[in-house]
Every structure is written in C-alpha cells, then in structure tokens.
Amino acid sequence: MSKYVKFLILPDIRSAIFLTVVFTIAICVGTLTVLPEKMDVPGTDKWQHFVAFAILVYPITVASRTYWIPITVFALCLAASIEIIQPYVNRFGDIKDFQADTLGVFLGLLTGILVRRFRAKI
C-alpha cells in the first residue's frame, strides 16, 4: 500500500490530528468566506455538508479508540457554530445544513470504527 494512501485511509494519530486540522480549516474557509451576495445552490449544498463532516471525523476515529467522543463533540459544535455565524457573512444559516453535518459526523464515525476494527483483524 502506498504511503500516501495509508496516510489518508489508515492514518496514525499524528497524521489523523494533522488531517483533522486541515479539514477543519477547509470547512471554515468554505462555509464562512464572505460572499458578495447571497447564493442559493440547490441540492448540492447538503451533500457538501454531509461529506465534509464525515471526512472531518474519520481520521481521528480510525487512529484512536479514545478520541471519538471529543471529535464528535468538536464536529457538532463546529457545525452549530457555522450555522450561527453564516448569516453574518452573507450566507444562509440553515437547520437542514446542521442536520446534514450531523449525519455526516455519524457516517464518519461509523466508517472509522468499521475500518479500525477491520484493520485490527489484519
């Protein structure tokens, strides 16, 4: 397995922390960048939220058995904070975005736990 694939798919704890920081910054920039006017992107917005938050929690969940609760709390607080802040940066704060974020968090957790268990059996 390539070291780059392993870095992304099966990270150790240091790599997982690095990836989580990078993904957090990317999510914040992507969701809180001030726009010149309000934009409505039907359909794709919820998928973007869902995937972004699944990717956010996945690395820590794969790399550590003990940090899945803190990363879950962090991700849910980040999601809620983003929805509260968005109206102030010419975006829409939407409860459905938060719901998509929450579902993404739980998909990332489930996927990470399953990958960690599968990796332990190899």
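Pick from V105, V115: which is closer than 19 Å to I25 by Cα, of a type in the set (A, V, I, L, M) and in contact with a helix residue (DSSP H, G or I) (Cβ under 7 Å, 6 or more places away or on another chain)? From the options V105, V115, the qualifying one is V105.
Being free of Cβ contacts under 8 Å to residues at least 40 places away in the same chain and closer than 10 Å to Y58 by Cα is the filter; apply it to segment 100-122 and report the residue that is surrounded by the fewest Cβ atoms within 10 Å (Cβ to Cβ). Result: L110.
For T33, the criteria (1) hydroxyl-bearing (S, T, Y); (2) modelled with pLDDT under 95; (3) under 15 Å from the mean Cα position of the chain (by Cα) hold in every case but one, which is (3). Taken over segment 79-107, residues that are under 27 Å from R117 (Cα atoms) and either at pLDDT below 90 or hydrophobic (A, V, I, L, M, F, W, C) (or both) amount to 5. Pairing residues of segment 51-74 that are farther than 12 Å from L110 by Cα with residues that are among the acidic types (D, E) and surrounded by 23 or more Cβ atoms within 10 Å (Cβ to Cβ), at Cβ distances under 6 Å and at least 6 apart in sequence or on separate chains, gives F53/D101.
Scanning segment 76-99 for residues that are in contact with a Phe, Trp or Tyr (Cβ under 6 Å, 6 or more places away or on another chain) and under 16 Å from F23 (Cβ atoms) yields a single hit, A79. The set of residues in segment 75-93 being surrounded by fewer than 19 Cβ atoms within 10 Å (Cβ to Cβ) and in contact (Cβ under 8 Å) with a residue 24 or more places away in the chain consists of L76, L78, I85, Q86, V89, N90, F92. Going by the conditions given, is F18 among the aromatic types (F, W, Y), modelled with pLDDT of 90 or more, buried (at least 17 other Cβ atoms within 10 Å of the Cβ) and under 16 Å from I71 (Cβ atoms)? It is false that F18 is among the aromatic types (F, W, Y), modelled with pLDDT of 90 or more, buried (at least 17 other Cβ atoms within 10 Å of the Cβ) and under 16 Å from I71 (Cβ atoms). Looking at this structure, is A52 under 19 Å from V115 (Cα atoms), in contact with an Asp or Glu (Cβ under 7 Å, 6 or more places away or on another chain) and modelled with pLDDT of 90 or more? Criteria not met by A52.
The values are calculated or read from the model by the stated rules, or taken from the named source; none is laboratory data. Only a predicted model underlies this, so the values are computations on that prediction, with no experimental measurement involved. Note that we place each Cβ from the backbone using ideal geometry, even for glycine, and neighbour counts take in every protein chain shown.
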